[in-house]
Amino acid sequence: MSPITGGCLCGQVRYTISAPVTALRACHCRNCQKSSGSGGTVNAVVPEDAFKITQGTTRKYDDSATQSGRTLSRHFCGTCGSPIYSHRNPKPGFVVVRAGSLDDSSGLKITGNIWTASARPWSHIDPATECHPGNMPPPPAPR
């Protein structure tokens, strides 16, 4: 598999993803709306060890006023402001990469939506996708 690549608007920050990205998740929480200036964010959830910044550095805003109560570190280009990725604290082993920063997302679709209870009335949420009024439920405990 060739690495998936992406970066910011001005080209200062570049990254690679060495794991497959097969689906996208849209977040409709108020903080994602504010940070994106739109109806929320569309994201690829990837293993933390598969994501690597290859050029430049990001700036970080630690968002502690989240609906989930967790601190979310939002990484963005300090030059052009493009959002690149985020992760929860403490780090859960994955990062949430903004799909709009991918160089090629042509084969991807939104398969899930979270925080739909706070979606803007003009946001389109495909009823055929997995939808959660809040955050994703935790995975089942191992038996």
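The values are calculated or read from the model by the stated rules, or taken from the named source; none is laboratory data. Quick caveat, the model's predicted, so the values are computed rather than measured. No Cβ is skipped: glycine too gets one built from the backbone with ideal geometry, and neighbour counts run over all protein chains shown. Side chains are part of the model used for accessible areas, which takes the heavy atoms of the whole protein and leaves out ligands, DNA and RNA. Shrake-Rupley method; radii C 1.70, N 1.55, O 1.52, S 1.80 Å.
Being of a type in the set (S, T, Y), over 16 Å from V13 (Cα atoms) and at pLDDT below 95 is true for just one of T66, T129, T41. Which residue is that?
Result of the check over T66, T129, T41: T66.
Within region 96-113, work out how many residues are part of a strand (DSSP E or B) and buried (at least 16 other Cβ atoms within 10 Å of the Cβ). Show your work before the answer.
Let us first name the residues in region 96-113 that are part of a strand (DSSP E or B), namely 96-98, 102, 110-113.
Filter once more, keeping what is buried (at least 16 other Cβ atoms within 10 Å of the Cβ): 96-98, 102, 110, 112-113.
Counting residues in region 96-113 that are part of a strand (DSSP E or B) and buried (at least 16 other Cβ atoms within 10 Å of the Cβ) gives 7.
Specify which of the listed residues (C32, C27, C80) is over 12 Å from the mean Cα position of the chain (by Cα) and not aliphatic (A, V, I, L, M).
On the way: C32 fails: over 12 Å from the mean Cα position of the chain (by Cα); C27 fails: over 12 Å from the mean Cα position of the chain (by Cα).
Every option except C80 fails the conditions.
Quick check, is R120 over 22 Å from L9 (Cα atoms), part of a strand (DSSP E or B) and out of contact with any Asp or Glu (no Cβ under 6 Å at 6 or more places or on another chain)? Before you say what the answer is, go through the steps one by one.
Details: over 22 Å from L9 (Cα atoms): yes; part of a strand (DSSP E or B): no; out of contact with any Asp or Glu (no Cβ under 6 Å at 6 or more places or on another chain): yes.
Criteria not met by R120.
What are the residues in region 44-88 that are touching a helix residue (DSSP H, G or I) at 6+ places or on another chain (Cβ under 6 Å) and small (G, A, S), if any?
Selection gives A44 alone.
Would you check if T116 is open to solvent by less than 40 Å² (accessible area, probe 1.4 Å), of a type outside the set (D, E, K, R) and touching a helix residue (DSSP H, G or I) at 6+ places or on another chain (Cβ under 8 Å)?
Details: open to solvent by less than 40 Å² (accessible area, probe 1.4 Å): yes; of a type outside the set (D, E, K, R): yes; touching a helix residue (DSSP H, G or I) at 6+ places or on another chain (Cβ under 8 Å): no.
When the stated conditions are applied, T116 does not pass them.
Can you pull out the residues in region 10-19 that are buried (at least 21 other Cβ atoms within 10 Å of the Cβ) and hydroxyl-bearing (S, T, Y)?
Hit for region 10-19 is Y15, nothing else.
Can you run down the residue pairs with Cβ atoms below 8 Å, 6 or more apart or on separate chains, where the first is in region 60-73 and over 15 Å from S36 (Cα atoms) and the partner is in a loop (DSSP other than H, G, I, E, B) and open to solvent by 80 Å² or more (accessible area, probe 1.4 Å)?
T71/S64
For the condition open to solvent by less than 50 Å² (accessible area, probe 1.4 Å), in contact with a helix residue (DSSP H, G or I) (Cβ under 6 Å, 6 or more places away or on another chain) and small (G, A, S), what is the one hit in G93, G7?
Details: G7 fails: in contact with a helix residue (DSSP H, G or I) (Cβ under 6 Å, 6 or more places away or on another chain).
After ruling out the rest, the residue left standing is G93.
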